[in-house]
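Remarks on the structure that follows.
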Amino acid sequence: MTARLCALTCIAAACLAGALPAHAAEELTLYTTREPGLIQPLITAFSTQSGVKVNTVFVKDGLLERVKAEGARSPADVLMTVDIGNLMDLVDGGVTQPVKSAALESAIPANLRGADGQWFSLSMRARVLYADKSLPLTSFRYEDLANPKYKGKVCIRAGQHPYNTALVASLIAHDGEAKAEQWLRGVKANLARKATGGDRDVARDILGGICDIGLANSYYVGQMKGSKEGSDARKWGDAIKVIRPTFANAKSGGTHVNISGAAVAKNAPNRANAVKLLEFLVSEPAQAFYAETNYEYPVRKGVALDSIIASSIGELKVDPLPITEIAKYRKQASALVDKVGFDQ
Ligand SMILES: [Fe+2]
């Protein structure tokens, strides 16, 4: 736990010492697909501060199916996951409910939450360019990845991975479907190896001389560069420099982001506590924890970035296109990936 969260926990514990019985019956159930190591300290701090006991259920796969199957008797109050596609699936699947909260609305920019309060972003991750440190690159547009000058020099994970389908959906939103298809064909022609593996493998393969550039998520940069001196991950991280790409036709100069987020479950037995948890998660100390522990970008303004992220990637200028606008094209994006045989 960070010093900040710990301080919060300790102060809250002292304040609550006389007040616990009044809260004894307060609880909520959280269904989350996120790593226990990341979520548990946040939940502990919330419980200490609020007196609300949290029953955390770590759901690896099939979150929507599970909540659907449980129906009206579902104990779930808060549904938490990563990727806008997964959140929209929950909303479209009818297992969320609208929430109105001034605290959530002031902390989370409008393009990072559902207009109807059906879902809220809690943290962001940018899809950035990893490049061989020795390349004289200082800026990059996502469209450049398809430029024939990078033939045989590009590494990337599977096109069907949600991180990439969200990016392709974003390209459809910016450039239209025909150009997005052309882009996919161009990137495939530039691949140094099959589109497979994970995001960190892009850095590994840059170090190994297999490729020069590739797209991957921002938080892995923190994980790798923050690894123990001499470890493989540290060597991969030290082999790359990172550039925040932009879209060619957007004057905004913003970078594509995806999110982690949460929603209040449709049949939440403890609705008020569910809202309380979401409000806690966008509070300053909780947002700082997301930044420090998982190297994510806070959604709340004014929260400091992790120092590795700050020095190796820097402040994020988010593509202003509403993330729901991008999510609309995710099925189309997935179909395009198949159509061009990107992962074959
Ligand atoms: Fe990841």
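The values are calculated or read from the model by the stated rules, or taken from the named source; none is laboratory data. Source: prediction; values computed, not measured. Methodologically, a virtual Cβ is constructed for each residue, glycine included, from the backbone with ideal geometry; neighbour enumeration extends over all protein chains shown.
Put simply, of ALA304, ALA335 the only residue that is closer than 24 Å to ALA166 by Cα and aliphatic (A, V, I, L, M) is ALA335.
Take the residues in segment 157-183 that are touching a Gly at 6+ places or on another chain (Cβ under 8 Å) and over 23 Å from GLY209 (Cα atoms), then tell me which one is farthest from the ligand (Cβ to nearest atom). Per the criteria, the residue is VAL168. Count of segment 27-66 residues, restricted to those that are crowded, with 16+ Cβ neighbours inside 10 Å, out of contact with any His (no Cβ under 8 Å at 6 or more places or on another chain) and in a loop (DSSP other than H, G, I, E, B), is 3. Looking at this structure, is LYS179 surrounded by fewer than 23 Cβ atoms within 10 Å (Cβ to Cβ) and either touching a residue at least 60 places away in the same chain (Cβ under 8 Å) or not assigned by TED's automatic domain parsing to the domain that holds PRO322 (or both)? Judged against the criteria, LYS179 is not a match. A single member of TYR219, TYR290 is buried (at least 21 other Cβ atoms within 10 Å of the Cβ) and at pLDDT below 95, and it is TYR290.
Within segment 146-163, the only residue that satisfies the criterion of being assigned to a helix (DSSP H, G or I) and closer than 15 Å to ARG193 by Cβ is TYR150. Of all the listed residues (VAL52, VAL82), the sole one being in contact with a strand residue (DSSP E or B) (Cβ under 8 Å, 6 or more places away or on another chain) and more than 16 Å from the ligand (Cβ to nearest atom) is VAL52. Taken over segment 318-331, the criterion of being surrounded by 20 or more Cβ atoms within 10 Å (Cβ to Cβ) and either aromatic (Phe, Trp, Tyr) or part of a loop (DSSP other than H, G, I, E, B) (or both) is satisfied by ASP319, TYR329. Taking segment 210-317 as the region of interest, the helices (runs of 4 or more DSSP H) fully inside it that hold 2 or more residues being away from the ligand (no atom under 16 Å from the Cβ) are 232-239, 271-281, 284-294, 307-312. Set side by side, the residues ALA17, ALA13, ALA3, ALA69 differ, and just one is farther than 23 Å from ALA286 by Cα, hydrophobic (A, V, I, L, M, F, W, C) and either exposed (fewer than 12 other Cβ atoms within 10 Å of the Cβ) or at pLDDT below 95 (or both), which is ALA69.
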